[in-house]
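Peer 1: Sharing a structure with you now.
Every read-out reported here was derived from the displayed coordinates using simple, explicitly stated rules and does not represent laboratory data. Computed from a predicted model, the values in this text were never measured in an experiment. Positions of Cβ are backbone-derived with ideal geometry, glycine not excepted, and every protein chain shown enters the neighbour counts.
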Amino acid sequence: MDCRFDEDQVSFRAEMRRWAEKVLAPHYQTDDKTARFRPQLASDLANMGLTALRIPEEYGGQGASAVVAGIAAEEVGRADVNAGYLIINTALIGDIIVRNATDEQKAAWLPGFATGEIVPCICVTEPGHGTDAANLELKAVPGGDGWRLHGEKTSITLGMAATHAVVLARTGGPGARGVSAFWVDMSNEKISRAPFDDLGSRAIGRASLHFDGVPVTRAELIGLEGDGFVSVMQGFDYPRAVIGLLCLGAAQASPDEALQWARDREAFGQPIGKFQGVSFPLAESATYIRGARHVCYEALWLKDNELEHSAEAAMANFWAPRLSTEVIHQCLLTLGHLAYSTESPIGQRLRDVIGLEIGDGTAQVSKLVISRGLLGRAYAP
Ligand SMILES: Cc1cc2nc3c(=O)[nH]c(=O)nc-3n(C[C@H](O)[C@H](O)[C@H](O)COP(=O)(O)OP(=O)(O)OC[C@H]3O[C@@H](n4cnc5c(N)ncnc54)[C@H](O)[C@@H]3O)c2cc1C
């Protein structure tokens, strides 16, 4: 067994850390205050190859391993967890297209990911269906040389900024097998968008999207009719471990600051790190972060080696965002009143990371996957 990253991965991490610190970190808090997506962010990430990490080189991508995508997310998360949404969305949606689209569709759509011209979003959730997504209602009504989309999607990350969307719509009967996936140009005038006023990740934003008879053709159907739900849900797999690392990157930035504070800040005539009440939570954070990182990278390594990794990805999905929230909260307390001010990035990190406890499926869904693996379907919820 060898738990070390190889030389290329170590230098990629160092390059990412330098770049994210210089290019992303200075905008982390100002972007939150303006609460608007900054288009330069997509160009900056695209210039570093981060919007097409997992896309094959023949379509302009990096053809990177899942482990490398995890390293990128972790380092970006340390500087600006919100910028990581572009890594996650492009990896998730890029993978769905790579696995299910035709060669013509890939050639038409994927190069735009690499240049940053395409900012994609994924539209699954509806007002009446979140976890219960297989029963979604947005209708694809046959018409013209394809369908017309009628209905509402909600809670869509990058919904206000996206240029294109993968939309799940009902083309057939009830349940998952009646659902198909479509590639939709978001500039269509029959789409209207309404933003959420969110607690966190305000520079990325979520939106509700109304589809009022939006035409889609057969050339925009991804995969086979009726296969959309399964192909999209299969995409929500190893990216969960990438999301875990994005959160852990954000979490790790806080103990770094708290450790320095524990050395510098004095109370009762000594550095506060001398008090066990201060140093033990830092020791616990370091231990838990290390454990969760191992789970995330194990899931990604298994994926790269074409081994079963659903349980590990599910463990990463529920544990890493939760742990990150707890670690950031604890560090805020260690830094005291100063960290409660909006001058400090710690409170913002807390607000931002909480969203990822829900965003890609809740902890309960992940625990369902894990418990089914442990008990067998016949004995699990
Ligand atoms: C920051 C953020 C970003 C998001 N981005 C996107 C996006 O880009 N695209 C998109 O389509 N959606 C997105 N979502 C929506 C997200 O996928 C849903 O919020 C999520 O699937 C849960 O659905 P819900 O919020 O409707 O909760 P519900 O499904 O109503 O669940 C409410 C509660 O009940 C629990 N619950 C439900 N069913 C079960 C069960 N069977 N067993 C145990 N517990 C259960 C849930 O875990 C949850 O705690 C985003 C959400 C957030 C917060």
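Peer 1: Counting pairs of alpha carbon atoms under 8 Å apart in space and at least six apart in sequence, what relative contact order in percent does the chain give?
Peer 2: The value is 16 percent.
Peer 1: Quick one: check the C-alpha center-to-center distance for the stretch 212-249 versus the stretch 23-89, whole angstrom.
Peer 2: 19 Å
Peer 1: Amide H of residue 64: which non-local residues (sequence gap of 5 or more, or other chain) have their own amide H closer than 5 Å, using H built in the peptide plane?
Peer 2: Under 5 Å from the amide H of residue 64: 54, 55.
Peer 1: Sticking with this one: What percent of all Cα-Cα pairs in the stretch 164-232 falls in each 5 Å bin, counting up from 0?
Peer 2: 4, 16, 22, 19, 17, 14, 7, 2
Peer 1: A further question on this structure: Show me, bin by bin at 10 Å from 0, the whole-percent P(r) of the chain based on Cα pairs.
Peer 2: Reading upward from the zero bin: 5, 23, 33, 24, 10, 3, 1, 0.
Peer 1: Taking the C-alpha atoms of the stretch 1-145, how large are the radius of gyration and the largest Cα-Cα span, Dmax, in Å?
Peer 2: Calculated on Cα positions, Rg and Dmax stand at 17.4, 58 Å.
Peer 1: While we're on this one: Whose amide H sits under 5 Å from the amide H of residue 164, counting only residues 5 or more places off or on another chain, with H placed in the peptide plane?
Peer 2: It is 119, 121, 186, by chain and number.
Peer 1: Regarding the stretch 234-324, what is the average projected area of its C-alpha convex hull, in nm²?
Peer 2: So the mean shadow area of the Cα hull is 6.0 nm².
Peer 1: Over all distinct Cα pairs, what is the inverse of the mean 1/r for the stretch 322-367, reported as the Kirkwood hydrodynamic radius in Å?
Peer 2: The Cα-based Kirkwood calculation yields 11.3 Å.
Peer 1: Same structure, new question: At a 10 angstrom cut-off on C-beta neighbours, averaged per residue, how do the peptides 256-265, 198-207 rank from highest to lowest?
Peer 2: 198-207, 256-265
Peer 1: Further, regarding this structure: Once you have a ≥ b ≥ c as the square roots of the Cα gyration tensor eigenvalues for the stretch 1-86, tell me rounded if a/c is under 1.5, and otherwise prolate or oblate according to whether a/b is larger than b/c.
Peer 2: oblate
Peer 1: Another one. If you look at just the Cα atoms of the stretch 112-270, how large are its Rg and its Dmax in Å?
Peer 2: 20.3, 79
Peer 1: I would also like to ask the following. Residue 103 label point, 7 Å along Cα→Cβ, cut-off 18 Å on backbone N: hits in the stretch 26-64?
Peer 2: 56-61
Peer 1: Moving to a separate point now. Compute the length gained on full extension between residue 188 and residue 141: take 0.36 nm times their separation in residues and subtract their Cα-Cα distance, giving the result in nm to one decimal.
Peer 2: The residue 188-residue 141 span can extend by a further 15.2 nm.
Peer 1: Angle, helix 346-355 long axis vs. longest principal axis of the chain, Cα atoms, 0 to 90°, nearest 10?
Peer 2: Taking Cα atoms only, the helix is inclined about 30 degrees.
Peer 1: Now for a different question. Counting helices only, and only those DSSP H runs with n ≥ 4, report the 222 nm mean residue ellipticity of the chain as the sum of -39,500 (n - 2.57) divided by its residues, in deg cm²/dmol to the nearest 500.
Peer 2: Result for the chain: -16000 deg cm²/dmol, rounded to the nearest 500.
Peer 1: On a full-extension model of 0.36 nm per residue, what is the gain between residue 199 and residue 115, subtracting their alpha-carbon distance, rounded to one decimal in nm?
Peer 2: Result: 27.2 nm gained on full extension.
Peer 1: For residue 274 and residue 6, what does the FRET efficiency come to when R0 = 30 Å and r is the distance between their Cβ atoms, rounded to the nearest 0.05?
Peer 2: FRET efficiency, residue 274 to residue 6: 0.15.
Peer 1: In addition: May I ask for the angle, rounded to the nearest 10°, between helix 7-19 and the longest principal axis of the chain, with both axes built from Cα atoms and the value confined to 0 to 90°?
Peer 2: The answer is roughly 80 degrees.
Peer 1: Per q in 0.10, 0.20, 0.24 Å⁻¹, report the Debye log10 I(q)/I(0) for the stretch 284-381, using one uniform scatterer on each alpha carbon and no solvent.
Peer 2: -0.35, -1.00, -1.20
Peer 1: If I fit a long axis through the Cα atoms of helix 276-304 and take the longest principal axis of the Cα atoms of the chain, what angle between them do I get, 0 to 90°, rounded to 10?
Peer 2: 30 degrees
Peer 1: So how do 315-322, 350-357 stack up, highest first, on mean other-Cβ count within 10 Å?
Peer 2: 315-322, 350-357
Peer 1: Need one number: convex hull volume per residue for the stretch 90-156, Cα atoms only, in Å³.
Peer 2: About 125 Å³ per residue, rounded to a whole number.
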